[in-house]
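Bear in mind that the values in this text are calculations on the coordinates, not laboratory data. Everything numeric here is computed off the predicted structure, so don't read it as measured data. Here the Cβ is made from the backbone with ideal geometry for all residues, glycine too, and neighbour counts use every protein chain on show.
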Amino acid sequence: MRPRSAKDPAAEPGWFTGAVEISPHGGSGAETSPQPAGVRVLVVDDEQLVRTALTTVLGSADDIEVVAAVDGVGAASALAARRVDVVLTDLRMPRVDGLAVVRHVVSLQPPRPVVAVLTSFADDALVAEALACGAAGYLVKDSSPDQLVDAVRRLARGASVLSAEVTPAVIDGFLRSRPDVDAAAQVALLSPREREVLALLACGEGNGAIAAQLHLSSATVKYHVSSVMTKLDVENRVQAALVAVRAGLVTPGA
């Protein structure tokens, strides 16, 4: 895949084969991949070069279809116009930033996309806030192409994704929003099986992989995940993973 024009893609929608570019005002091109849709990804970033790179990398995978937006306004238009499975959003953008994108996505009625933040630096406060708002993960922009494609596939399967390089930096920021919580004491409330499930969840495994590794049915894993999140008093899998890391149940990047 390659750009069809060197012009600003926001001014020339549909600039990638297999992608649709959404302008800040919601305009979009009609050109999409002719293959049946697999995982539909919305990339939200105000920098043209970043959108080019991310769309090229992700769009090169046969099972991924990419739509791009230049900010949160374009993202809302894209989400209203088509089915999206995974949203990858930058944090710092003009007009409507990445935190607003995260809040918008998690406010949608199910079935809604999963959303992860993608940035070029470890901004502890913003990342922690995004995770507290319901983001399903965090990736750095210099992740390898294989890592990006794998992360999107994992997110689409319901797994959480945390960059090993930044996870230690954001844990404290996230837990500062829960000052009365003792992570180790919370994890101690879990049964041995629930701790096994939490450990695999914290490593980014989806329910299917957890079921296979623990020789459990999908329904049983779903029950355990729900019980874990209730006992830990968290809203999603990535928040549970951060508690598990703080409690020493798993090691970031291990």
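Post the alpha-carbon centroid distance, region 178-250 to region 56-104, in whole angstrom.
Centre-to-centre distance over Cα atoms comes out at 28 Å.
Over the alpha carbons of region 129-254, what is the largest minus smallest coordinate on each principal axis, giving the biggest first in Å?
38, 35, 24
How big is the charge dipole of region 61-209 about its Cα centre, in debye rounded to the nearest 20, if each Lys and Arg gets +1 on its Cβ and each Asp and Glu gets -1 on its Cβ?
For region 61-209, the charge dipole is close to 460 debye.
Given Val228, Gln186, Val243, which one lies farthest toward the positive end of the charge dipole of region 179-246, if we put +1 on the Cβ of every Lys and Arg and -1 on the Cβ of every Asp and Glu?
Farthest along the dipole direction, towards plus: Val228.
Could you tally the net charge around Arg157, taking each other residue with its Cβ under 13 Å from the Cβ of Arg157, Lys/Arg +1 and Asp/Glu -1?
For residues surrounding Arg157, the net value is -1.
Taking the number of other C-beta atoms within 10 Å as the exposure measure, put Thr230, Thr220, Thr251, Thr119 in order starting with the fewest.
Thr230, Thr251, Thr220, Thr119
Starting from the 7 Å offset along Cα-to-Cβ, what nm value, one decimal, do you get for the label separation of Val181 and Ala53?
For Val181 paired with Ala53, the spin-label model returns 3.3 nm.
First check a/c for region 179-246, with a ≥ b ≥ c the square roots of the eigenvalues of its C-alpha gyration tensor; if it is under 1.5, answer rounded, and if not, answer prolate when a/b is larger than b/c or oblate otherwise.
Prolate, since a/c reaches 1.5 and a/b exceeds b/c.
Using the 10 angstrom Cβ neighbour count as an exposure proxy, how do Leu58, Leu249 rank, fewest first?
By the 10 Å Cβ count, ascending, the order reads Leu249, Leu58.
Cut-off is 10 Å between beta-carbons; in what order do Val44, Val243 appear when sorted fewest neighbours first?
Val243, Val44
What FRET efficiency would be calculated for the residue pair Thr251, Arg112, taking the C-beta separation as r and a Förster radius of 45 Å, to the nearest 0.05?
Result of the calculation: an efficiency of 0.90.
Would you kindly state how much longer the chain becomes between Ser218 and Ala81 on full extension, computed as 0.36 nm times their sequence separation minus their alpha carbon distance, in nm to one decimal?
Length gained, Ser218 through Ala81: 46.1 nm.
For the pair Ser226 and Gln147, how long in nm is the line joining their label points, each one 7 Å along Cα→Cβ?
3.5
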